[in-house]
Structure formats: C-alpha cells, structure tokens
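All of the numbers you see were taken from the coordinates with simple rules; none came from a lab. Just so we're clear, the structure is a prediction, and the values are computed from it rather than from any experiment. Quick reminder, even Gly has a Cβ in these numbers, built from the backbone with ideal geometry, and neighbours come from all protein chains shown.
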Amino acid sequence: MTNQNIALFFQDPEIEPAPPGAFGVLYLLRRDIKNCIINRQALWPGAMAILAGIDLLGKFLAGSDRSGQVRKRFRQFVNRYFQPVSADDAMTIYQLRNALLHSFGLYSEDKKSSKVYRFTLSPVAGPLIQVHPVRNDSYLINLLTLYRKFENAIALYQADLQADVDLRSRFNVMFPKYGEIHVYAAKVVVEASEEEPKMVLVVYVNYPTNAATIHSIGCYHFQKRRADRTKNGHWTVDRRFLGLEDARRYASSHSRMVRTCTRCLGTDHGTS
C-alpha cells in the first residue's frame, strides 16, 4: 500500500484529474500552484500555496503534525531539499510564509529575535532571495525561482522515500491524515428562460456535512445565493439572474467559474 500511496501523492500534476476517485493532496496543490504561478493567474495565492505545500511536506518528512513544531518542520524541509540555501534564507522563506498565510500581507516579525521582515514579490526569474542594499529588513522574493525550487524539492524528497525505510515509515504515519482527498464530481447546470433564468452549481463532495465550505463558495461567487442540502446528500448552490442576458453572460464564462469554485474543494469539474 505504501508504494500506491506514494504514487497517488506524487502523481504528475500534468495529468488531468477525472473524478470520481481519490486524489493526492500534493497532486491537487501542485496543479493549482502551476496555474497560479506559471499561467500567472494569481501570484499571491500561488506563493501561499507553495508555502503551504512546504508545511505539508514538512509534516511528512518529520512524520509528525505536533502543534508548536511548524517552524522546525518547515525549516528542516527547506534546509534539506532547497539546497543550496543558507540558514538565514531558510528563515526568510519561513517568515514569508508567516506574512502571507497569517495575514495575507508582506510583513512579518520574528517573535523570538524581534527581527522585522518586509517582502516584495517578483514574478520573474532571478535569485531566490535578494536583500535590499540599504534596508536590511527588506527582501525581494522571486516567485518563479521559489516555484522551481519547490518542484525540485518534491522530486528529491520522492527519491529519498524510495530509498529510505525510515522516511517511508514517517510518510505512512501522515498519509491517512494529509495524503488524499476523496472526490465524487462537480458539474454546472445552466438553465435560461425569460421566466426564470438561473444557473445551478452542483458540487459533489465526499463529505457532504461540510456546509461551511459549500456555503462560503456560494457566498463568494453568487450575488444572490442559496445553499440547500439535497436528499442524496449533495449540496446545491444556485444563483438567480436579473434577466436572460445576465444569465447568458454567466453561461458564457461558467466553465472558468466552476474551475475556480471546485478548485477550492480539490475537485475538477464537468459541465452540462
């Protein structure tokens, strides 16, 4: 089972997902990161996803998700697999994680040393980290380089798993919690008529009791929304339109909207 789980977790993100089924968390994360960074759809969320990915891999490397150990696990993974990297650079990347994931900002302060970090993100290739020549608390982070180092680190870690029994044992401890997501499917149904133009997004997930997740998607993407639980345990979010032309405009772009919605759930989509 270990080899099967490793294959699922490290599945090539170029492969299109085909729900229903189980999907590796890292696989889904890497697909979204590529879309954000390489396709330049959302650079900040892409950077956040990379840093969350390091958090995830740090758990697997350590074989532990013990609270209060995030800094240690994060830096251990970076120090081992982002080489060449200095201890200061590993700390800088960790502080970028704190800035983005804790406050969706570009400022962080190390509570232990009181050192301040101010960040600028660059979408072009270059050195991973550049320190401002005058202000030594200001750092330029090159996102393409961060992405490439992240992908290289994944390959190195995967190779180590194949050769190291202890690493595989730690991986097995974490996999049941963080290794896979079970997904049924997701589809959109577009209905437009003069009397009642509307669009219905039907999301099928393996854990239908997660009302907060589904409802938040509805609240974010639909101005007039309603979330209802259907008899078969799925969730439906619909949006009613102001008129037929309004519905047609949404219908013409619904595929992109569904990709955005379902990506939040780690699913792919189909349309009908």
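At-a-glance table
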quantity	calculated
Simple spin-label estimate for ASP12 and GLU109 in nanometres, 7 Å along Cα-Cβ	4.9
Of the trypsin sites (Lys or Arg not before Pro) in region 13-43, those whose Cβ has at most 12 other Cβ within 10 Å and which sit in DSSP loop	ARG40
Long-range HN-HN contacts of GLU180 with modeled amide H, under 5 Å	VAL25
Relative contact order of region 125-174, defined on C-alpha pairs under 8 angstrom at six or more residues apart (%)	24
Order by protection proxy (mean Cβ within 10 Å, highest first), peptides 78-90, 128-140	78-90, 128-140
Full-extension gain in nm, VAL134 to ASP164, via 0.36 nm per residue minus C-alpha separation	6.3 nm
Added length on full extension, which subtracts the Cα-Cα distance from 0.36 nm per residue, VAL124 to SER64	18.1 nm
